[in-house]
Amino acid sequence: MTLSRRTFLAGTSASLGAGLVATAPAAQTAEAATPAPQVLRAATASLQLAPSGYPATGILAYNDAAPGPQIRMKQGERLSRRLENGLDQATSIHWHGMRLPNAMDGVPGMTQPAVAPGAGFDYDFTLKDAGTFWYHSHNKSWEQVARGLHGPLIVEEPEGAPDVDAEELLVLDDWRLRDDASLDPDYANIHDSSHAGRVGNLITVNAKYDLQARASSGDRLRLRIINASNARIFQLALKGLEGWVVAYDGMPLETPGRIENAIPLAPAQRVDMIVDVTADAGGEAFLIGLERNEGFALTTFKVGEGRRARRDAAPAPLPPNPLPQMTRVMVDAAPVQKLNMSGGAMRALRRAVYKGRNMTGQVLMDEGQFWAFNGMVGMSDKPLAQVARGETLRIPIVNDTVFAHAMHLHGHHFRERLPDGGFGPWRDTLLIAPSETREIAFVADNPGDWMFHCHMLSHQAAGMATWVRVSA
Ligand code: C2O
Ligand code: CU
């Protein structure tokens with residue numbers, strides 16, 4: 001594997017590129033914690049995303065920050081934020097991965113009205129779980145998230161926090177810029193919608209294309225990594241760092257898993273790692289993204305003199321969150337609701353039901369719709385499944401398409417039911433490769449109407465959305 005520092009401005013023209021001075025910006029440290037504000041105001045902002053030499057990029061941001069302000073609180077505390085809409089289009093905030101009351105879930109037309117320009121909405125709920133979460137727009141999310149409307153939500157363990165020397169919060173994003181560094185405004189184009197979604201040409205971490213951080217040799221770090229991109233799947237690897245995965249999607253693993261292979265991170269997924277800095281003082285360590293056998297630095301750690309000997313021993317698991325009991329016996333006996341994914345390029349829909357009408361693939365295409373779940377395109381009047389509170393439900397997901405999809409369930413975490421009947425880790429978003437069948441199971445302990453959709457946001461917009469009703 002070769003490690004390059006390409007900046008991923010792959011699509012830019014030589015005319016602009018030729019005039020560029022390829023100097024890296026002044027070293028930035030990865031910590032960017034400002035005191036959490038009580039208001040989140042969505043509005044236009046301007047930010048230097050592309051390397052210096054390019055103009056700033058006009059984006060949408062909460063409180064002028066990209067990623068949005070870091071909200072950092074303790075488990076059991078009450079989060080209360082007023083969304084103010086300073087945009088010229090309606091918006092809302094979804095608190096991704098939070099097991100919260102349905103009315104706070106932020107889904108326009110389902111759990112609240114869309115917040116009109118100039119209007120506001122108060123979100124207020126208790127933080128049940130500790131972990132790494134995020135918040136983002138849930139109205140026209142394929143456009144608003146692509147333009148920058150998202151931020152990290154970190155819920156600390158009140159006790160039993162891991163023994164580490166430092167923590168880095170790393171928000172991965174993927175922007176599609178034009179030659180003048182402005183965002184490509186074609187947010188709902190047919191090609192993205194029917195293929196892999198809006199994959200960008202500039203990857204940033206904490207909105208820096210070349211994020212530099214500091215670490216000391218021998219230190220133990222907690223990395224909280226969030227994939228906030230619309231469609232890009234990262235394959236994460238380490239260099240000069242060695243360690244363990246301790247949580248996925250906010251939920252601790254019962255046993256930390258030693259990192260040996262690349263860790264896939266689909267849109268909306270999070271991973272918490274505890275890593276030891278094995279690079280020597282004066283050297284560098286890296287969080288790497290792998291793509292086609294090439295590695296590129298997502299974060300470069302300048303390694304300084306260490307103060308202590310390396311720990312080496314595996315970290316203790318993070319304290320568990322109050323998740324429902326889910327046993328093999330319960331799951332084996334649970335009702336099964338299959339979900340069949342179809343459509344997209346190369347497997348175009350012939351017919352499917354959209355807005356209550358059976359339509360041909362051609363008519364659907366004219367409507368910008370390319371995907372179906374069980375032959376239904378987009379949100380239907382009836383839920384995929386209706387379950388009583390406390391019931392367990394199994395959903396085998398059959399990916400009958402040639403693209404990967406990242407399925408996200410609102411309001412609950414689920415586990416994959418493995419072919420041998422065992423369970424995968426607790427997650428809120430599962431990546432399903434082309435032609436795969438993967439089954440999830442969850443205890444429907446949170447009453448309300450909950451979306452279940454693909455988090456490749458162009459896919460969600462083009463049909464890959466359904467919902468589950470949990471009756472009280
Ligand atoms: Cu992170 Cu329905 O979304
Ligand atoms: Cu998808």
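The values are calculated or read from the model by the stated rules, or taken from the named source; none is laboratory data. From a predicted model like this one, the values you see are computed outputs, not experimental measurements. Virtual Cβ from ideal backbone geometry, glycine too; neighbours counted across all protein chains shown. Surface accessibility is based on the protein's heavy atoms, side chains included, excluding ligands, DNA and RNA. Shrake-Rupley method; radii C 1.70, N 1.55, O 1.52, S 1.80 Å.
Values as computed for the structure displayed
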| read-out | value |
| --- | --- |
| Subset of region 350-389 [more than 14 Å from ligand 2 (Cβ to nearest atom) and touching a Leu at 6+ places or on another chain (Cβ under 8 Å)] | A352, Y354, G361, L364, N374, L384, A385, V387 |
| Positions within region 336-388 being under 15 Å from S193 (Cβ atoms) and in a loop (DSSP other than H, G, I, E, B), in sequence order | G344, A345, M346, R347, A348, L349, E367, G368, Q369, F370, G378 |
| Residue tally, condition small (G, A, S) and farther than 25 Å from V205 by Cβ, over region 107-150 | 6 |
| Filtered residue count, region 392-424, keeping only those that are of a type outside the set (D, E, K, R), assigned to a strand (DSSP E or B), away from ligand 1 (no atom under 13 Å from the Cβ) and touching a residue at least 12 places away in the same chain (Cβ under 8 Å) | 10 |
| Some residue of region 109-120 being modelled with pLDDT under 95, open to solvent by 10 Å² or more (accessible area, probe 1.4 Å) and outside any loop (DSSP other than H, G, I, E, B) | no |
| Residue check for R427: within 16 Å of ligand 1 (Cβ to nearest atom), modelled with pLDDT of 95 or more and either within 24 Å of the chain's Cα centre (by Cα) or more than 24 Å from Y248 (Cβ to Cβ) (or both) | yes |
| Test: residue in region 237-250 that is in a loop (DSSP other than H, G, I, E, B), closer than 19 Å to W426 by Cα, open to solvent by less than 30 Å² (accessible area, probe 1.4 Å) and touching a Lys or Arg at 6+ places or on another chain (Cβ under 7 Å) | yes |
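Let's see how each residue does on (1) within 30 Å of A213 (Cβ to Cβ); (2) within 12 Å of ligand 1 (Cβ to nearest atom):
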{"position": "I59", "(1), (2)": "yes, no"}
{"position": "E77", "(1), (2)": "yes, no"}
{"position": "L100", "(1), (2)": "no, no"}
{"position": "D105", "(1), (2)": "no, yes"}
{"position": "D124", "(1), (2)": "no, no"}
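Residue-by-condition table, conditions (1) among the hydroxyl-bearing types (S, T, Y); (2) touching a residue at least 40 places away in the same chain (Cβ under 8 Å); (3) more than 18 Å from V164 (Cα to Cα); (4) open to solvent by less than 10 Å² (accessible area, probe 1.4 Å):
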site: L253; (1), (2), (3), (4): no, yes, no, no
site: P264; (1), (2), (3), (4): no, yes, yes, no
site: P267; (1), (2), (3), (4): no, yes, yes, yes
site: E291; (1), (2), (3), (4): no, yes, yes, no
site: F296; (1), (2), (3), (4): no, yes, yes, yes
site: M326; (1), (2), (3), (4): no, yes, yes, no
